[in-house]
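Asker: The structure is given below, and queries will be raised subsequently.
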Amino acid sequence: MNIIFLGAPGSGKGTQAAMLAKELNIPAISTGEVLRKEVDQQTEIGKIAKSRMELGKLVPDEVVVDIIKNRIVKLDCDKGFILDGFPRNLTQALILDEMLSELNKRIDRVFNFDVSEEVLIKRISGRFSCKKCGTVYNRYFRQPAKEGVCDNCGSIEFESRNDDNEATVKNRLKVYRESTFALIQFYQKNNLLVSVAAIESAPLIFEVLIKSMKTI
Ligand code: ADP
């Protein structure tokens, strides 16, 4: 089962990707996460990506395409994968189609996470996560049960993403609006697109995904 998650920054697709990956026992591949690791490790890719990510701009197509190309041929993708954050524009989508057909694979479903910009800005600028286990919280919507202590692992150290500040967020949303419309149309035309009202709670959205997966 090969699945794509489309959605603006803050639409909750990362959370759902992790949940669905666990349920289906397939990997969730987040280009954003891979890129953040490369930046942390100061690799060549990281050096190219850093300034663009900090400005909320897209990293060059060749860089992310290479990341995906190397990742989807790995053994754990045999039964399928979830792509979170890729493709981000039509060029990437067309390259992905080519890549998959060479591997005799295809996309089975594309979920589009739909949510208003007002909510998105709050979700992103309020977002922080546990430094140790990565559990994600939000200043406005989801604080840990005990303030300053991670619900999942008890750690007291938290961090925010470098690009989760208001100026960068606005730019990320602009880039998203500009490049994603064509993508949505593309997958709609191919009859692969399912839109999900991403304003609902995480468990409810997850139910919608599971129901939809049963129809494949
Ligand atoms: P968000 O969707 O919340 O912006 P991501 O973690 O998906 O967060 O991406 C963070 C940043 O990584 C993006 O702003 C962009 O600079 C870069 N990036 C991630 N995926 C891609 C992609 N497919 N193409 C180009 N740049 C990407």
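Asker: Report the label-to-label distance for ARG177 and ASP114 in nanometres (one decimal), using points 7 Å from each Cα along the Cα→Cβ vector.
Answerer: It is 1.8 nm.
Asker: Which FRET efficiency value, to the nearest 0.05, do you get for SER51 and VAL136 by plugging their Cβ-Cβ distance into 1/(1 + (r/R0)^6) with R0 = 25 Å?
Answerer: Rounded to the nearest 0.05, the efficiency is 0.50.
Asker: Is it possible to state the helix-based mean residue ellipticity at 222 nm for the chain, with each DSSP H run of 4+ residues giving -39500 (n - 2.57), the sum divided by total residues, to the nearest 500 deg cm²/dmol? What is it?
Answerer: Here the helix-only value at 222 nm equals -15500 deg cm²/dmol.
Asker: Under the Karplus relation 6.51 cos²θ - 1.76 cosθ + 1.60, θ = phi - 60°, what is the ordered set of whole-Hz ³J(HN,Hα) values for the range 136-142, x standing for Gly and Pro?
Answerer: 9, 10, 9, 4, 8, 10, 8
Asker: What residue among ALA49, PHE111, LEU83 has its Cα farthest toward the positive end of the dipole of the chain, where the charges are +1 on Lys, Arg and -1 on Asp, Glu, each on the Cβ?
Answerer: Going by the Cα projections, it comes out as PHE111.
Asker: Next question, about the same structure. In a Gaussian network model over the chain where Cα atoms closer than 10 Å are linked, find which of PHE128, PHE81, PHE181 has the largest mean-square fluctuation.
Answerer: Greatest mean-square fluctuation among the candidates belongs to PHE181.
Asker: Would you kindly state how much longer the chain becomes between ASN191 and ASP61 on full extension, computed as 0.36 nm times their sequence separation minus their alpha carbon distance, in nm to one decimal? Each step should come with its number before you reach the end.
Answerer: Working: separation 130, 0.36 × 130 = 46.80 nm, distance 2.48 nm.
Gain on stretching ASN191 to ASP61: 44.3 nm.
Asker: Let me know the whole percent of all Cα-Cα pairs from the range 111-216 that are separated by more than 24 Å. Please list the in-between numbers first.
Answerer: Values: 2232 of 5565 pairs.
Value for the range 111-216: 40 percent of Cα pairs lie more than 24 Å apart.
Asker: Moving on. Could you work out the relative contact order of the chain? I mean the mean sequence separation of Cα pairs under 8 Å and 6+ apart, divided by the number of residues, in percent.
Answerer: Relative contact order for the chain comes out at 30 percent.
Asker: Quick one: putting +1 on the C-beta of Lys and Arg, -1 on the C-beta of Asp and Glu, what dipole do you get for the chain around its Cα centre, in Debye to the nearest 20? Kindly include the intermediate steps, with their values, before the conclusion.
Answerer: On the way: 32 positive and 29 negative charges, 44 e Å.
So the magnitude is around 200 debye.
Asker: About the Cα centre, and with charges only on the beta carbon of Lys, Arg (+1) and Asp, Glu (-1), how big is the dipole of the range 32-91? Nearest 20 debye, please.
Answerer: So the dipole magnitude of the range 32-91 works out to roughly 80 debye.
Asker: What share of the DSSP beta bridges in the chain is antiparallel, in percent to the nearest 5?
Answerer: Antiparallel bridges make up about 25 percent of those DSSP assigns within the chain.
Any read-out appearing in this document is the output of simple, stated calculations on the displayed coordinates, not a laboratory observation. Note that the coordinates shown come from a computational prediction; the quantities given were computed from them, not determined experimentally. Methodologically, a virtual Cβ is constructed for each residue, glycine included, from the backbone with ideal geometry; neighbour enumeration extends over all protein chains shown.
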